[in-house]
Amino acid sequence: MTPLLNDTFLRALLRQPVDYTPVWMMRQAGRYLPEYRATRAKAGSFMELCKNPELACEVTLQPLERFPLDAAILFSDILTVPDAMGLGLYFAEGEGPHFERPVRTAADVAKIAVPDPEDELKYVMDAVSTIRTALAGRVPLIGFSGSPWTLATYMVEGSGTKNFSHIKGMMFDRPDLLHTLLDKTAQSVTSYLNAQVARGAQAVMIFDTWGGVLAPANYREFSLAYMQQVIEGLTREADGRKVPMILFTKNGGQWLGDMANTGCDALGVDWTTDLADARRMVDDRVALQGNLDPCSLYASPEYIRDAVAKVLASYGHGTGHVFNLGHGITPDVNPDHAAAFVAAVHELSRAYH
Ligand code: 1CP
């Protein structure tokens, strides 16, 4: 294996000493980059881009060519898993994702299969191998999946949603059905993440984008429990090195203490929780990743630098912090502002280590 030239990100996740705070951005390969839009046009569509390992590799590396980021993230989407479970994913132009066959009834749940990642999701695995080779040890590669709950919201709703009526309807009316669906989804996520690690992912992250819409007891029963099931089944070491695991529930600030007990190595934190409070809640048991409001990047580079300084001060001294936005970078951000953000983290964080 090629040696890893910059392992700052992995070290911070494992709370080992670092010289500066490592940084990457959720959705760092995406629509705010003109070169991304050009590659997507060349591929034909977003899904064709995901299914072409060479082009998926090209867009994964694009943000690293522009900015000195400390990690790369596999270019794919969380919804490839329900697609492989038989739901028929498609993107209508100018709209979000949709499924041809949403899961609504007992018969629909019974039909759901746990996919073999090296078969139905082989295109993702080939992208992981291609990217890992192309990175040549520059920075670590992050693999990812949606959480079982977040995937189930799309599977039951059939698309994005504002009210969560179908998924919450199932949760309150037929919890048994939803538990069966979540169990199958958790099994799928576990083997999908393990296959990514086998192909070269050096850290993994679970995106629980919609856990934060749940009441606390429902969060524990329908989201957290299944993320815990996934974590218990994960490969935790590869090439003689620990594979750190990051858990991110958007809007989950009040549950960080519970989340830290799942066996994960790090927690993603959005901007609605102060990192100083988050650090107290997890009591230095796990590392923290976050948490600048992505809309801060609409402001001037001077403002961005100041905002970065405040987040660094809020975390305070010592390792265990990976700098990130609190959620994905938005499509209309000026890439020069992303550059100012990354530069400010690298420059200002040295004083904290
Ligand atoms: O038009 C386009 O080019 C498609 C836009 C796009 C992109 C760039 C989608 C559709 N997905 C992605 C890539 C993507 N999605 C990545 C790539 C790696 C990177 O970070 O650079 C990742 C990690 C995701 C994860 C993802 N997809 C999440 C979880 C994280 C989050 O942002 O909360 C979710 C919820 C999705 C679903 C999805 N895929 C795409 C869209 C527009 C959506 C959101 C749908 C909705 O509004 O509910």
Of the residues ALA38, ALA29, which single one is of a type outside the set (Asp, Glu) and either within 10 Å of the ligand (Cβ to nearest atom) or crowded, with 20+ Cβ neighbours inside 10 Å (or both)?
ALA29
Please specify each residue of the stretch 214-225 satisfying the condition of being within 24 Å of ASP293 (Cβ to Cβ) and outside any helix (DSSP H, G or I).
LEU214
Could you list, in sequence order, all residues of the stretch 64-84 that are out of contact with any strand residue (DSSP E or B) (no Cβ under 9 Å at 6 or more places or on another chain) and crowded, with 23+ Cβ neighbours inside 10 Å?
PHE75
Can you give me the number of residues within the stretch 146-187 that are surrounded by 17 or more Cβ atoms within 10 Å (Cβ to Cβ) and touching a strand residue (DSSP E or B) at 6+ places or on another chain (Cβ under 6 Å)?
4
Qualifying position, being at negative phi, touching a Lys or Arg at 6+ places or on another chain (Cβ under 8 Å) and surrounded by fewer than 24 Cβ atoms within 10 Å (Cβ to Cβ), among ALA215, ALA276, ALA238, ALA260:
ALA260
Hits in the stretch 41-56 (condition: more than 10 Å from the ligand (Cβ to nearest atom), surrounded by 13 or more Cβ atoms within 10 Å (Cβ to Cβ) and not charged (D, E, K, R)):
ASN52, PRO53, LEU55
Does ALA127 satisfy the criteria of being part of a helix (DSSP H, G or I), of a type in the set (Gly, Ala, Ser) and surrounded by fewer than 16 Cβ atoms within 10 Å (Cβ to Cβ)?
no
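Residue by residue, here is whether (1) within 30 Å of ILE231 (Cα to Cα); (2) part of a helix (DSSP H, G or I); (3) in contact (Cβ under 8 Å) with a residue 60 or more places away in the chain holds:
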| site | (1), (2), (3) |
| --- | --- |
| ASN261 | yes, yes, no |
| ASP270 | yes, no, no |
| THR273 | yes, no, no |
| LEU288 | yes, no, no |
| ILE304 | no, yes, no |
| ASP332 | no, no, yes |
Let me confirm something: among VAL342, VAL311, VAL322, which residue is of a type outside the set (Phe, Trp, Tyr) and not in a helix (DSSP H, G or I)?
VAL322
Going through the stretch 226-251 one residue at a time, which ones are without any contact (Cβ under 8 Å) to a residue 40 or more places away in the chain and either touching a Cys at 6+ places or on another chain (Cβ under 7 Å) or not in a loop (DSSP other than H, G, I, E, B) (or both)?
GLN228, ILE231, GLU232, GLU237
More than 12 Å from the ligand (Cβ to nearest atom) and over 18 Å from ALA84 (Cα atoms), is that true of ASP126?
no
Go through (1) within 18 Å of LEU49 (Cα to Cα); (2) assigned to a loop (DSSP other than H, G, I, E, B) one by one and return the number of the condition VAL114 breaks.
(1)
Which one of these does ASP83 not meet: (1) closer than 19 Å to TYR154 by Cβ; (2) without any contact (Cβ under 8 Å) to a residue 60 or more places away in the chain; (3) within 9 Å of the ligand (Cβ to nearest atom)?
(3)
In the set VAL59, VAL18, which member is more than 20 Å from GLY328 (Cβ to Cβ), at pLDDT 95 or above and either within 11 Å of the ligand (Cβ to nearest atom) or in a loop (DSSP other than H, G, I, E, B) (or both)?
VAL18
Among (1) closer than 26 Å to PHE341 by Cβ; (2) assigned to a helix (DSSP H, G or I), there is one condition VAL81 misses while meeting the rest; what is its number?
(1)
Within the stretch 186-213, of all residues that are in contact with a helix residue (DSSP H, G or I) (Cβ under 6 Å, 6 or more places away or on another chain) and free of Cβ contacts under 8 Å to residues at least 60 places away in the same chain, the one farthest from ILE246 (Cα to Cα) is ALA186
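Table: residues versus (1) assigned to a helix (DSSP H, G or I); (2) away from the ligand (no atom under 13 Å from the Cβ); (3) buried (at least 17 other Cβ atoms within 10 Å of the Cβ); (4) of a type in the set (D, E, K, R).
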position	(1), (2), (3), (4)
HIS98	no, no, yes, no
ASP119	no, yes, no, yes
ARG132	yes, yes, yes, yes
VAL139	no, yes, yes, no
Listed by first then second residue, the pairs whose first member lies in the stretch 167-185 and is farther than 18 Å from GLN229 by Cα, whose partner is surrounded by fewer than 20 Cβ atoms within 10 Å (Cβ to Cβ) and at pLDDT 95 or above, with beta carbons under 7 Å and at least 6 positions apart or on separate chains, are MET170/LEU177; MET171/ASN218
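The values are calculated or read from the model by the stated rules, or taken from the named source; none is laboratory data. Remember, predicted model here, so these are calculated numbers, not experimental data. In this analysis, Cβ positions are derived from the backbone assuming ideal geometry, glycine residues included, and neighbour counts consider all displayed protein chains.
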